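Right, one structure below, let's go through it.
The values are calculated or read from the model by the stated rules, or taken from the named source; none is laboratory data. The structure presented is a predicted model; accordingly, all values stated were derived computationally and were not measured. Positions of Cβ are backbone-derived with ideal geometry, glycine not excepted, and every protein chain shown enters the neighbour counts.
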Amino acid sequence: MPSITVDNEKRVKIVSSSTMIIRSAKADIEYDLKDGDYAVLIFNDSKKDLTISDHGQISNARVNITYIQLDDHDLIQNSHIDVNRDSSLTINATYLGSKNKDIIFDLVNNEPDSNIDITSNIVCLDESAFKLDCIGTIKKGSKRSKCHQASHCLTMGNPKKATVLPVLNIDENDVEASHSLSCGTIDDEILFYMNSRGLSSMQALNLILRSYLMPDEHFYDDFIDGKAIQEMAAKKVDSLCSM
(Lines give C-alpha, C1' and ligand atoms only; values in the text may rest on other atoms or scores of the structure.)
Protein backbone atom coordinates (compact mmCIF):
# COMPACT_ATOMS: atom_id res chain seq x y z
CA MET A 1 0.00 0.00 0.00
CA PRO A 2 1.77 3.20 -1.11
CA SER A 3 1.82 6.42 0.88
CA ILE A 4 1.49 9.49 -1.33
CA THR A 5 2.19 13.07 -0.29
CA VAL A 6 0.66 15.57 -2.72
CA ASP A 7 2.75 18.73 -2.51
CA ASN A 8 2.42 19.85 -6.14
CA GLU A 9 -0.43 20.19 -8.63
CA LYS A 10 0.32 17.17 -10.81
CA ARG A 11 -2.37 14.52 -11.37
CA VAL A 12 -2.12 11.47 -9.11
CA LYS A 13 -3.44 8.15 -10.42
CA ILE A 14 -4.71 5.66 -7.84
CA VAL A 15 -4.45 2.02 -8.96
CA SER A 16 -4.04 0.31 -5.57
CA SER A 17 -4.87 0.79 -1.89
CA SER A 18 -3.28 4.09 -0.90
CA THR A 19 -2.76 6.66 1.82
CA MET A 20 -2.77 10.22 0.49
CA ILE A 21 -1.77 13.36 2.41
CA ILE A 22 -2.58 16.56 0.52
CA ARG A 23 -0.31 19.53 1.21
CA SER A 24 -0.79 21.46 -2.05
CA ALA A 25 -3.37 24.09 -2.98
CA LYS A 26 -4.79 21.84 -5.71
CA ALA A 27 -5.16 18.09 -6.02
CA ASP A 28 -6.19 16.19 -9.17
CA ILE A 29 -6.86 12.53 -8.39
CA GLU A 30 -7.78 9.81 -10.87
CA TYR A 31 -9.12 6.42 -9.74
CA ASP A 32 -8.60 3.32 -11.87
CA LEU A 33 -9.35 0.44 -9.51
CA LYS A 34 -9.99 -3.01 -10.96
CA ASP A 35 -10.30 -6.66 -9.96
CA GLY A 36 -9.78 -6.59 -6.20
CA ASP A 37 -10.42 -5.02 -2.81
CA TYR A 38 -9.05 -1.54 -2.12
CA ALA A 39 -8.95 1.00 0.71
CA VAL A 40 -8.02 4.64 0.05
CA LEU A 41 -7.51 7.31 2.74
CA ILE A 42 -7.36 10.97 1.68
CA PHE A 43 -6.31 13.43 4.40
CA ASN A 44 -6.19 17.19 3.97
CA ASP A 45 -3.10 18.72 5.57
CA SER A 46 -2.72 21.58 3.09
CA LYS A 47 -3.05 24.36 5.70
CA LYS A 48 -4.30 26.57 2.86
CA ASP A 49 -7.34 26.97 0.63
CA LEU A 50 -7.71 23.75 -1.35
CA THR A 51 -9.38 22.62 -4.57
CA ILE A 52 -9.80 18.86 -5.07
CA SER A 53 -10.91 17.22 -8.30
CA ASP A 54 -11.15 13.44 -8.09
CA HIS A 55 -12.68 11.19 -10.68
CA GLY A 56 -12.41 7.79 -12.31
CA GLN A 57 -13.99 4.35 -12.36
CA ILE A 58 -14.27 1.13 -10.42
CA SER A 59 -14.52 -2.19 -12.27
CA ASN A 60 -15.03 -5.62 -10.70
CA ALA A 61 -13.75 -4.21 -7.41
CA ARG A 62 -14.80 -3.39 -3.85
CA VAL A 63 -13.49 0.02 -2.85
CA ASN A 64 -13.60 2.00 0.39
CA ILE A 65 -12.62 5.68 0.20
CA THR A 66 -12.30 7.81 3.34
CA TYR A 67 -12.02 11.61 3.14
CA ILE A 68 -10.90 13.50 6.26
CA GLN A 69 -11.07 17.29 5.84
CA LEU A 70 -10.49 19.14 9.11
CA ASP A 71 -8.50 22.19 8.01
CA ASP A 72 -9.65 25.72 8.89
CA HIS A 73 -9.54 26.93 5.26
CA ASP A 74 -11.77 27.17 2.21
CA LEU A 75 -12.38 23.94 0.33
CA ILE A 76 -13.81 23.18 -3.12
CA GLN A 77 -14.22 19.48 -3.90
CA ASN A 78 -15.72 17.92 -7.01
CA SER A 79 -15.83 14.13 -7.03
CA HIS A 80 -17.16 12.07 -9.95
CA ILE A 81 -16.84 8.28 -9.80
CA ASP A 82 -18.39 5.64 -12.09
CA VAL A 83 -19.11 2.24 -10.55
CA ASN A 84 -19.26 -0.56 -13.10
CA ARG A 85 -20.63 -4.12 -13.12
CA ASP A 86 -20.17 -6.30 -10.02
CA SER A 87 -18.47 -3.48 -8.10
CA SER A 88 -19.11 -1.60 -4.87
CA LEU A 89 -18.02 1.82 -3.64
CA THR A 90 -18.25 2.82 0.01
CA ILE A 91 -17.42 6.43 0.90
CA ASN A 92 -17.02 7.87 4.38
CA ALA A 93 -16.48 11.63 4.25
CA THR A 94 -15.78 13.83 7.27
CA TYR A 95 -15.79 17.62 7.04
CA LEU A 96 -15.09 20.38 9.52
CA GLY A 97 -17.31 23.12 8.14
CA SER A 98 -15.17 26.10 8.96
CA LYS A 99 -14.71 28.99 6.49
CA ASN A 100 -16.28 28.15 3.09
CA LYS A 101 -16.76 24.56 1.96
CA ASP A 102 -18.39 23.61 -1.36
CA ILE A 103 -18.48 19.85 -2.05
CA ILE A 104 -20.07 17.88 -4.87
CA PHE A 105 -20.25 14.08 -4.99
CA ASP A 106 -21.48 12.84 -8.38
CA LEU A 107 -21.62 9.06 -8.10
CA VAL A 108 -22.92 6.85 -10.93
CA ASN A 109 -24.19 3.28 -10.95
CA ASN A 110 -22.98 2.72 -14.49
CA GLU A 111 -23.80 -0.97 -15.01
CA PRO A 112 -25.85 -3.81 -13.44
CA ASP A 113 -25.05 -5.15 -9.96
CA SER A 114 -23.18 -2.02 -8.88
CA ASN A 115 -23.43 -0.70 -5.31
CA ILE A 116 -22.78 2.77 -3.87
CA ASP A 117 -22.98 3.73 -0.20
CA ILE A 118 -21.91 7.20 0.98
CA THR A 119 -21.95 8.56 4.54
CA SER A 120 -21.02 12.18 5.33
CA ASN A 121 -20.33 13.54 8.83
CA ILE A 122 -20.21 17.34 8.98
CA VAL A 123 -19.55 19.91 11.70
CA CYS A 124 -20.46 23.50 10.81
CA LEU A 125 -18.83 26.18 12.95
CA ASP A 126 -19.67 29.79 13.73
CA GLU A 127 -19.60 32.04 10.63
CA SER A 128 -18.94 29.12 8.28
CA ALA A 129 -20.66 28.48 4.95
CA PHE A 130 -21.04 24.80 4.04
CA LYS A 131 -22.68 23.26 0.97
CA LEU A 132 -22.81 19.58 0.02
CA ASP A 133 -24.47 18.28 -3.15
CA CYS A 134 -24.68 14.49 -3.05
CA ILE A 135 -25.88 13.18 -6.42
CA GLY A 136 -26.53 9.51 -7.07
CA THR A 137 -27.41 8.38 -10.59
CA ILE A 138 -28.56 4.89 -11.54
CA LYS A 139 -28.35 4.59 -15.31
CA LYS A 140 -30.90 2.74 -17.39
CA GLY A 141 -29.99 -0.92 -17.64
CA SER A 142 -28.18 -0.96 -14.27
CA LYS A 143 -30.44 -3.66 -12.85
CA ARG A 144 -30.07 -4.87 -9.26
CA SER A 145 -27.96 -1.85 -8.39
CA LYS A 146 -28.02 -0.04 -5.03
CA CYS A 147 -27.39 3.60 -4.15
CA HIS A 148 -27.68 4.76 -0.53
CA GLN A 149 -26.82 8.14 0.98
CA ALA A 150 -26.68 9.28 4.62
CA SER A 151 -25.62 12.74 5.82
CA HIS A 152 -25.22 13.89 9.44
CA CYS A 153 -24.72 17.59 10.15
CA LEU A 154 -23.82 19.07 13.54
CA THR A 155 -23.96 22.86 13.93
CA MET A 156 -22.06 24.87 16.53
CA GLY A 157 -22.58 28.58 17.06
CA ASN A 158 -24.17 30.44 14.15
CA PRO A 159 -23.05 29.20 10.73
CA LYS A 160 -23.82 31.53 7.84
CA LYS A 161 -25.16 28.64 5.83
CA ALA A 162 -25.34 24.86 6.11
CA THR A 163 -26.88 23.20 3.07
CA VAL A 164 -26.97 19.49 2.28
CA LEU A 165 -28.79 18.53 -0.93
CA PRO A 166 -29.32 14.81 -1.59
CA VAL A 167 -30.29 13.94 -5.17
CA LEU A 168 -31.24 10.59 -6.67
CA ASN A 169 -31.58 10.25 -10.46
CA ILE A 170 -33.04 6.79 -11.12
CA ASP A 171 -33.64 5.49 -14.63
CA GLU A 172 -34.17 1.80 -13.82
CA ASN A 173 -36.89 -0.10 -11.92
CA ASP A 174 -35.11 -3.10 -10.40
CA VAL A 175 -32.90 -1.15 -7.95
CA GLU A 176 -32.57 -0.01 -4.33
CA ALA A 177 -32.02 3.66 -3.48
CA SER A 178 -32.36 5.86 -0.41
CA HIS A 179 -31.16 9.05 1.20
CA SER A 180 -31.33 10.41 4.74
CA LEU A 181 -30.30 13.61 6.50
CA SER A 182 -30.02 14.55 10.16
CA CYS A 183 -29.10 18.01 11.44
CA GLY A 184 -28.85 19.38 14.98
CA THR A 185 -26.74 20.93 17.72
CA ILE A 186 -25.01 19.51 20.81
CA ASP A 187 -27.61 18.97 23.51
CA ASP A 188 -27.00 21.17 26.59
CA GLU A 189 -28.09 18.28 28.81
CA ILE A 190 -25.29 16.11 27.44
CA LEU A 191 -22.72 18.81 28.20
CA PHE A 192 -24.21 19.29 31.67
CA TYR A 193 -23.97 15.55 32.37
CA MET A 194 -20.36 15.39 31.19
CA ASN A 195 -19.54 18.45 33.34
CA SER A 196 -21.11 16.68 36.33
CA ARG A 197 -18.74 13.75 35.74
CA GLY A 198 -15.74 16.03 36.15
CA LEU A 199 -15.03 17.08 32.58
CA SER A 200 -14.58 20.72 31.68
CA SER A 201 -16.68 22.12 28.85
CA MET A 202 -13.64 22.02 26.56
CA GLN A 203 -12.85 18.41 27.46
CA ALA A 204 -16.47 17.40 26.90
CA LEU A 205 -16.57 19.15 23.54
CA ASN A 206 -13.31 17.49 22.55
CA LEU A 207 -14.67 14.00 23.29
CA ILE A 208 -17.90 14.65 21.41
CA LEU A 209 -16.17 16.02 18.34
CA ARG A 210 -13.52 13.29 18.27
CA SER A 211 -16.25 10.65 18.24
CA TYR A 212 -18.12 12.56 15.54
CA LEU A 213 -15.26 13.60 13.28
CA MET A 214 -12.68 10.83 13.62
CA PRO A 215 -12.89 7.15 12.70
CA ASP A 216 -12.26 4.50 15.32
CA GLU A 217 -8.55 4.44 16.21
CA HIS A 218 -8.15 0.90 14.83
CA PHE A 219 -9.26 2.16 11.42
CA TYR A 220 -5.81 3.72 10.90
CA ASP A 221 -3.96 0.45 11.53
CA ASP A 222 -4.48 -0.70 7.95
CA PHE A 223 -2.78 2.33 6.40
CA ILE A 224 0.85 3.31 6.00
CA ASP A 225 1.34 6.55 7.96
CA GLY A 226 -2.08 5.87 9.52
CA LYS A 227 -0.91 6.62 13.06
CA ALA A 228 0.70 9.87 11.95
CA ILE A 229 -2.55 10.90 10.27
CA GLN A 230 -4.49 9.96 13.38
CA GLU A 231 -2.26 12.23 15.47
CA MET A 232 -2.60 15.12 13.00
CA ALA A 233 -6.39 14.73 12.97
CA ALA A 234 -6.49 14.73 16.77
CA LYS A 235 -4.44 17.94 16.90
CA LYS A 236 -6.84 19.61 14.45
CA VAL A 237 -9.81 18.67 16.65
CA ASP A 238 -7.95 19.89 19.75
CA SER A 239 -7.33 23.20 18.01
CA LEU A 240 -11.02 23.40 17.12
CA CYS A 241 -12.01 22.95 20.76
CA SER A 242 -9.75 25.78 21.85
CA MET A 243 -11.31 28.28 19.42
Does the stretch 1-45 hold any residues that are more than 15 Å from Met232 (Cβ to Cβ), among the hydrophobic types (A, V, I, L, M, F, W, C) and in contact (Cβ under 8 Å) with a residue 40 or more places away in the chain, and which are they?
-> Met1, Ile14, Ala39
Could you give me the residue pairs with C-beta distances under 8 Å whose first residue belongs to the stretch 170-191 and is surrounded by 11 or more Cβ atoms within 10 Å (Cβ to Cβ), whose second residue is assigned to a strand (DSSP E or B) and among the charged types (D, E, K, R) wherever it lies, and which are 6+ apart or on separate chains?
-> Val175/Lys146; Glu176/Lys146; Ala177/Lys146
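Just for the stretch 27-49: of the residues that are of a type in the set (Asp, Glu) and either within 18 Å of the chain's Cα centre (by Cα) or at pLDDT below 95 (or both), which one is farthest from Asp72 (Cα to Cα)?
For the stretch 27-49, the residue satisfying everything is Glu30.
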For the stretch 209-225, name all the residues that are surrounded by 19 or more Cβ atoms within 10 Å (Cβ to Cβ) and either in a helix (DSSP H, G or I) or of a type in the set (S, T, N, Q) (or both).
-> Leu209, Leu213, Tyr220
Residue satisfying condition, being surrounded by 19 or more Cβ atoms within 10 Å (Cβ to Cβ) and at pLDDT below 95, within set Ser18, Ser24 = Ser18
Could you grab me the full set of residues in the stretch 122-153 that are among the small types (Gly, Ala, Ser), more than 22 Å from Leu96 (Cβ to Cβ) and outside any loop (DSSP other than H, G, I, E, B)?
-> Gly136
Any residue in the stretch 140-158 that's aliphatic (A, V, I, L, M): show its pairings with residues that are in a loop (DSSP other than H, G, I, E, B) and exposed (fewer than 15 other Cβ atoms within 10 Å of the Cβ) at Cβ separation under 7 Å, as long as the two are six or more apart or on different chains.
-> Met156/Asp126
Which members of the stretch 185-208 meet the condition of being part of a helix (DSSP H, G or I) and in contact with a strand residue (DSSP E or B) (Cβ under 9 Å, 6 or more places away or on another chain)?
-> Ile208
Restricting attention to the stretch 31-45, which residues are surrounded by fewer than 18 Cβ atoms within 10 Å (Cβ to Cβ) and either in contact with a helix residue (DSSP H, G or I) (Cβ under 6 Å, 6 or more places away or on another chain) or within 27 Å of Asp102 (Cβ to Cβ) (or both)?
-> Asp32
Just a yes or no: is a residue in the stretch 76-93 in a loop (DSSP other than H, G, I, E, B), over 13 Å from the mean Cα position of the chain (by Cα) and at positive phi?
-> yes
Taking the stretch 116-149 and the residues there that are modelled with pLDDT of 95 or more and farther than 24 Å from Ser53 by Cβ, the one that is surrounded by the fewest Cβ atoms within 10 Å (Cβ to Cβ) would be Lys140
Would you say Lys48 is surrounded by fewer than 22 Cβ atoms within 10 Å (Cβ to Cβ), under 28 Å from Thr163 (Cα atoms) and free of Cβ contacts under 8 Å to residues at least 40 places away in the same chain?
-> yes
Quick one: is Glu172 within 20 Å of Ser211 (Cβ to Cβ), charged (D, E, K, R) and over 23 Å from the mean Cα position of the chain (by Cα)?
-> no
